[in-house]
Amino acid sequence: MDIAVIGSNMVDLISYITRMPEEGETIEAPDFRMGCGGKGANQAIVSARLGSEVVMVTRVGDDLFAENTIRNFAENGIATTDVIKTPGSSGVAPIFVDPKSHNSIIIIKGANNQLSAADIERASERIKVCKLIVLQLEVPLETVYAAIEFGKNHNIPVLLNPAPASPELVLEKVKNVKFIVPNETELSLLTGMPVDSMDDIKNAAQVLLGLGIENVLVTMGARGVYWLHGEGEQFLEANEVDAKDTTGAGDAFIGCFAHMYVRTGDIPRSIEVANAYAGDSVTRLGTQTSYAWKDDFAARHPGLLH
């Protein structure tokens, strides 16, 4: 196995709107789509579509959405041994996308709230053989801390996407991750510092580096990625694209970065390819429906994956 994703899955309920309604107002939306999502699942799907072998450790409910989620993992080549059914609702994410492709998202964690350290232990033999553990914050923080400790104990590098950012996250407990990948908003929430300028972003990222985290990757949407590490810094620009829907672009970046890093160990190269993959994803509608399979992506970006 290549990558263990320990995290969330959601059912995305995507409304394409002309504007948000005012309080007490009902308006008509021109389009609606339903699909599989959740930050953990999205990142796992991207890595798998690019050719990585992925273990997914997650929980689904016992509702109508659960079987579809499990089937979706299997159809994308992801091992489902550790996709556990639990009583209650699956995770759900109503998403609203405006004409400028800006999105607003509400998440109901549902079964994701039940993912525990015991689930990690149950999957330990499969996680131990992976080359990277990928985490997010749509599951209990104690589970995230347990996964980081598991990686430390078994010499497996950990990538933490601190999203959605939580003020309850104890930074001291995540200092052993190899990569932390926040966007600008998450970086500000994590550090309590402004991110209004590039200097602000660098100063806030330095706080995370000062904890002992080896690599801080700040994703900045259409601008690119700022990478800070112990030996220096680098800014890698994103490709200019005609964005139609930015939902899930951050997950596209992380899933592709994880895949490339496991394959090559080359961080700047992995960022470059992940930037291109995320940019490719926003040219199509939806979340997982926008994620390219390896051959399709390679055809649109010749030589990039090699």
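The values are calculated or read from the model by the stated rules, or taken from the named source; none is laboratory data. Just so it is clear, the model here is predicted, and its values are computed rather than measured. Using ideal geometry, Cβ is built from the backbone for each residue, glycine included, and neighbour counts are taken over all protein chains shown. Surface accessibility is based on the protein's heavy atoms, side chains included, excluding ligands, DNA and RNA. Shrake-Rupley method; radii C 1.70, N 1.55, O 1.52, S 1.80 Å.
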**Item:** Rg followed by Dmax, in Å, when region 136-188 is reduced to its Cα trace
**Value:** 10.5, 32
**Asked** What number comes out for the charge environment of GLU138, summing +1 per Lys or Arg and -1 per Asp or Glu over other residues with Cβ under 10 Å away?
**Response** +2
**Request:** Calculate one ³J(HN,Hα) per residue across region 48-60 by plugging θ = phi - 60° into the Karplus curve 6.51 cos²θ - 1.76 cosθ + 1.60, and present them in order as whole Hz with x for glycine and proline.
**Result:** 5, 5, 8, x, 7, 8, 10, 9, 10, 10, 7, 10, 10
**Where the chain is the region considered: accessible area per residue in Å², 1.4 Å probe** = 43
**Message:** Please list log₁₀ I(q)/I(0) at q = 0.10, 0.11, 0.16 Å⁻¹ for the chain, using the Debye equation with identical point scatterers on the alpha-carbon positions.
**Reply:** -0.51, -0.62, -1.39
**Relative contact order, percent, region 1-51 [alpha-carbon distance under 8 Å, six or more residues apart]** = 47
**Prompt:** Binning every alpha carbon pair distance of region 177-236 at 10 Å from zero, what are the percents per bin?
**Reply:** 25, 64, 11
**Prompt:** Hey, what's the Kirkwood Rh for region 1-125 if you take every pair of different alpha carbons, in angstrom?
**Reply:** 15.4
**Fill in**
Inter-part gap, Cα centre of region 73-89 to Cα centre of region 132-146, in whole angstrom, is 17
**Prompt:** How far apart, in nm, are the 7 Å Cα→Cβ label points at LEU13 and LYS202?
**Reply:** 4.5
**Asked** Amide H neighbours of ASN183 under 5 Å, counting only residues 5+ apart in sequence or on other chains, H built in-plane at 1.01 Å?
**Response** THR219
**Request:** Would you work out the relative contact order for the chain, in percent, from Cα pairs under 8 angstrom that are 6 or more residues apart?
**Result:** 18
**Request:** Under a 10 Å cutoff between Cα atoms, tell me which one of ILE78, ILE108, ILE27 has the largest fluctuation in the Gaussian network model of the chain.
**Result:** ILE27
**Request:** Please work out, to two decimal places, the log10 of the ratio I(q)/I(0) at q = 0.18, 0.23, 0.24, 0.26 Å⁻¹ from a Debye calculation in which every Cα of region 104-182 carries one identical scatterer.
**Result:** -0.73, -1.14, -1.22, -1.38
**Asked** Where Lys and Arg each count +1 and Asp and Glu each count -1, what net charge lies around ARG19 among other residues with Cβ under 12 Å from its Cβ?
**Response** -3
**Complete:** SASA check, SER89, accessible area w/ 1.4 Å probe, all protein chains in place, rounded to nearest 10 Å², comes out at 60
**Item:** Kirkwood Rh in Å, taken over all unlike Cα pairs in region 45-182
**Value:** 16.0
**Item:** Vicinal HN-Hα couplings computed from phi for region 7-24 (Karplus, 6.51 cos²θ - 1.76 cosθ + 1.60; Hz; Gly/Pro x)
**Value:** x, 9, 9, 9, 9, 7, 10, 9, 9, 8, 10, 7, 6, 6, x, 6, 4, x
**Request:** Excluding GLY286 itself, calculate the net charge of residues whose Cβ lies under 9 Å from the Cβ of GLY286, where each Lys or Arg counts +1 and each Asp or Glu counts -1.
**Result:** 0
**Asked** Round to a whole number: what % of the accessible area of region 232-279 belongs to carbon and sulfur, probe 1.4 Å?
**Response** 42
**Message:** Based only on Cα atoms, what mean projected area does the convex hull of region 164-306 have, in nm²?
**Reply:** 8.6
**Request:** May I ask for the distance between the Cα centers of region 1-57 and region 201-263, given as a whole number of Å?
**Result:** 20
**Request:** Could you tell me the convex hull volume per residue, in Å³, taken over the Cα atoms of region 51-90?
**Result:** 51
**Message:** Please list log₁₀ I(q)/I(0) at q = 0.15, 0.23, 0.26 Å⁻¹ for region 230-306, using the Debye equation with identical point scatterers on the alpha-carbon positions.
**Reply:** -0.48, -1.08, -1.31
**Asked** How many angstrom lie between the C-alpha centres of region 266-304 and region 106-127?
**Response** 28
**Message:** Below 8 Å, C-alpha to C-alpha, sequence gap of six or more: please give me the relative contact order for region 194-285 in percent.
**Reply:** 23
**Complete:** Placing each pseudo-label 7 Å from Cα in the direction of the beta carbon, ARG33 and SER101 end up separated by a distance in nanometres of 1.2
**Item:** Within the accessible area of region 97-155 (1.4 Å probe), percent carbon and sulfur
**Value:** 50
**Item:** Rounded accessible area of MET193 (nearest 10 Å², 1.4 Å probe)
**Value:** 50
**Request:** Taking a cut-off of 23 Å between Cα atoms, list the lysines near LYS175, but don't count ones fewer than 8 places away on the same chain.
**Result:** LYS39, LYS128, LYS131, LYS152, LYS202
